[in-house]
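Asks: Submitted below is the structure of interest, expressed as structure tokens.
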Amino acid sequence: MSGLTIENISMRFDLPNGGSVQALKDVTLDLKPGELMSVLGPSGCGKTTLLNIVAGFLAPTEGRIAMNGHTVHGPDAERGMVFQQGALFEWMSVRENVAFGPRMKGEREAQYGANVDHLLDVVGLQDFKEKAIYELSGGMQQRVALARCLANDPDVILMDEPLGALDALTREKMQSLVLKLWKETGKTIILITHSVEEALLLGERLLVMAPRPGRIHKEYRLPFADLGVDQDLREVKKHPDYNKTREEILAMIWDMEEEIMGRTEESA
Ligand SMILES: Nc1ncnc2c1ncn2[C@@H]1O[C@H](COP(=O)(O)OP(=O)(O)OP(=O)(O)O)[C@@H](O)[C@H]1O
Ligand SMILES: [Mg+2]
């Protein structure tokens, strides 16, 4: 079976004081090859934990992750990760960063060179390829991170708040780039975000998670990601269903936050 299966995943963190945190409870989900899913939810609802389990960085207390039919037991190049920031190699040039994965696999320049240059073109960094990372803006650095991830040719790309540190305009441009890359490469993508707008624009499927224990609260299937491949994102936002869904999700998350606050006050 191809694609990614998240099967009855639960995660409990045991704390040094003897207590424990149920970060995830019974999360089940199937992603077909090429699906783009955004994940929203209040802070602490287990989004990063879920992504780390899919990446193979964490072993779940219960359940299993299957990728193209085999059980995931650890990190692998088939599942690439793009972090919020700071995960680039500062001492290498842009091009060396992008070429890092293929080089680690033992490939030679003659094998990976053309693809690395193609990816630098796709993310618009060909003119900056000899620059050091510290010379780049935040948006450019995230483009390097995307290209570096794609150079490993993963089946699934996992992104934890990849655009969270960018200014509004750069963020919008990057959202368009993510959609373009998604269509061009056909990769399966899971993207965590705190922005309801971003989740709407980038989520062909949008998952809303709830906290304590972290679980799936609601899932949407939305037309906006497909529309945004060819259209200006500001035009997409004018779609009659966009605002309606946005308001619905905002209210949903607001209620969850209120409940968390209420519980915290009770326990104080
Ligand atoms: N290594 C750990 N040890 C103990 N508890 C942890 C650990 N990692 C996460 N947790 C707890 O698990 C819960 C889920 O954390 P997680 O980081 O997955 O949330 P999140 O949804 O990504 O939050 P945010 O939106 O703030 O990034 C939280 O209560 C957190 O405190
Ligand atoms: Mg997180």
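Asks: So, residue 64, is that one crowded, with 21+ Cβ neighbours inside 10 Å, over 30 Å from residue 258 (Cα atoms) and touching a residue at least 24 places away in the same chain (Cβ under 8 Å) or not?
Replies: Details: crowded, with 21+ Cβ neighbours inside 10 Å: no; over 30 Å from residue 258 (Cα atoms): yes; touching a residue at least 24 places away in the same chain (Cβ under 8 Å): yes.
No, not satisfied.
Asks: Quick test for you: out of 63, 124, 69, pick the one residue that is in contact with a strand residue (DSSP E or B) (Cβ under 7 Å, 6 or more places away or on another chain) and on the phi > 0 side of the Ramachandran plot. Give the derivation first.
Replies: Details: 124 fails: in contact with a strand residue (DSSP E or B) (Cβ under 7 Å, 6 or more places away or on another chain); 69 fails: in contact with a strand residue (DSSP E or B) (Cβ under 7 Å, 6 or more places away or on another chain).
Every option except 63 fails the conditions.
Asks: Among the residues of the range 133-164, which ones are of a type in the set (A, V, I, L, M) and within 30 Å of residue 68 (Cα to Cα)? Full working, then the answer.
Replies: At the first step, the residues of the range 133-164 found to be of a type in the set (A, V, I, L, M) are 133, 136, 140, 144-147, 150-151, 156-159, 163.
Result: 144, 145, 146, 147, 150, 151, 156, 157, 158, 159, 163.
Asks: Need at least 2 residues that are within 22 Å of the chain's Cα centre (by Cα) and β-branched (Val, Ile, Thr) per element, so show me which strands (runs of 3 or more DSSP E) inside the range 170-268 make the cut, counting only ones lying wholly within it. Please lay out each step first, then the result.
Replies: Details: elements: 188-192, 205-210, 215-221.
Qualifying strands (runs of 3 or more DSSP E): 188-192.
Asks: Here is a follow-up. Please name all residue pairs, on different chains or six or more residues apart, with Cβ atoms under 6 Å, provided the first residue is in the range 123-142 and is within 25 Å of residue 183 (Cα to Cα) and the second residue is charged (D, E, K, R) and assigned to a helix (DSSP H, G or I).
Replies: 123/143; 125/143; 129/95
Condition check ((1) crowded, with 17+ Cβ neighbours inside 10 Å; (2) farther than 29 Å from residue 21 by Cα; (3) of a type outside the set (D, E, K, R)) across all residues:
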| site | (1), (2), (3) |
| --- | --- |
| 160 | yes, no, no |
| 169 | no, yes, yes |
| 172 | yes, yes, no |
| 186 | no, yes, yes |
| 194 | no, no, yes |
| 214 | yes, no, yes |
| 226 | no, yes, no |
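Asks: Follow-up question, since we're still on this one. Could you list, in sequence order, all residues of the range 27-45 that are closer than 11 Å to residue 9 by Cα and either among the polar types (S, T, N, Q) or assigned to a loop (DSSP other than H, G, I, E, B) (or both)?
Replies: Applying the first criterion (closer than 11 Å to residue 9 by Cα) to the range 27-45 yields 27-29.
Of everything in the range 27-45, just one residue is closer than 11 Å to residue 9 by Cα and either among the polar types (S, T, N, Q) or assigned to a loop (DSSP other than H, G, I, E, B) (or both), namely 28.
Asks: Any residue at all in the range 83-104 that's farther than 27 Å from residue 139 by Cβ and assigned to a loop (DSSP other than H, G, I, E, B)?
Replies: Of the residues in the range 83-104, the ones farther than 27 Å from residue 139 by Cβ are none.
Looking through the range 83-104, none of the residues is farther than 27 Å from residue 139 by Cβ and assigned to a loop (DSSP other than H, G, I, E, B).
Asks: Would you mind finding the one in 24, 36, 50, 58 that is within 12 Å of ligand 1 (Cβ to nearest atom), closer than 15 Å to residue 192 by Cα and touching a residue at least 12 places away in the same chain (Cβ under 8 Å)? Spell out the reasoning first.
Replies: Values: 24 fails: closer than 15 Å to residue 192 by Cα; 36 fails: within 12 Å of ligand 1 (Cβ to nearest atom); 58 fails: closer than 15 Å to residue 192 by Cα.
Among 24, 36, 50, 58, only 50 is within 12 Å of ligand 1 (Cβ to nearest atom), closer than 15 Å to residue 192 by Cα and touching a residue at least 12 places away in the same chain (Cβ under 8 Å).
Asks: Could you tell me which residue of the range 61-82 is farthest from residue 141 (Cα to Cα), considering only residues that are within 16 Å of ligand 1 (Cβ to nearest atom) and under 12 Å from the mean Cα position of the chain (by Cα)? If you could, list the steps in order and put the result at the bottom.
Replies: Narrowing the range 61-82 to residues within 16 Å of ligand 1 (Cβ to nearest atom): 61-63, 65, 81-82.
When the remaining residues are screened for being under 12 Å from the mean Cα position of the chain (by Cα), the result is 81-82.
Details: 81: 15, 82: 11 Å.
Filtering first and then ranking leaves 81.
Asks: Continuing with this model, one more query. Within the range 47-73, track down each residue that is closer than 12 Å to residue 26 by Cα and within 16 Å of ligand 2 (Cβ to nearest atom).
Replies: 50
Asks: For residue 29, state whether it is at pLDDT 95 or above, within 26 Å of residue 247 (Cα to Cα) and more than 11 Å from ligand 1 (Cβ to nearest atom). Explain how you work it out, then say what you get.
Replies: Numbers: at pLDDT 95 or above: yes; within 26 Å of residue 247 (Cα to Cα): yes; more than 11 Å from ligand 1 (Cβ to nearest atom): yes.
The answer is yes for residue 29.
Asks: Looking at the range 156-169, is at least one residue part of a helix (DSSP H, G or I), in contact (Cβ under 8 Å) with a residue 60 or more places away in the chain and charged (D, E, K, R)?
Replies: Filtering the range 156-169 for residues part of a helix (DSSP H, G or I) gives 168-169.
From the residues that got through so far, the ones that are in contact (Cβ under 8 Å) with a residue 60 or more places away in the chain too are none.
So far as the range 156-169 goes, no, none of its residues is part of a helix (DSSP H, G or I), in contact (Cβ under 8 Å) with a residue 60 or more places away in the chain and charged (D, E, K, R).
Asks: Hey, does the range 137-153 have a residue that's at negative phi and acidic (Asp, Glu)? Outline the logic, then answer.
Replies: As a first pass, look at the range 137-153 and keep what is at negative phi: 137-152.
If we keep only those that are acidic (Asp, Glu) as well, we get none.
No; the residues of the range 137-153 include none that is at negative phi and acidic (Asp, Glu).
The values are calculated or read from the model by the stated rules, or taken from the named source; none is laboratory data. Just so it is clear, the structure is predicted and the values come from calculations on it, not from any experiment. Cβ: placed from backbone, ideal geometry, glycine included. Neighbour counts: every protein chain shown.
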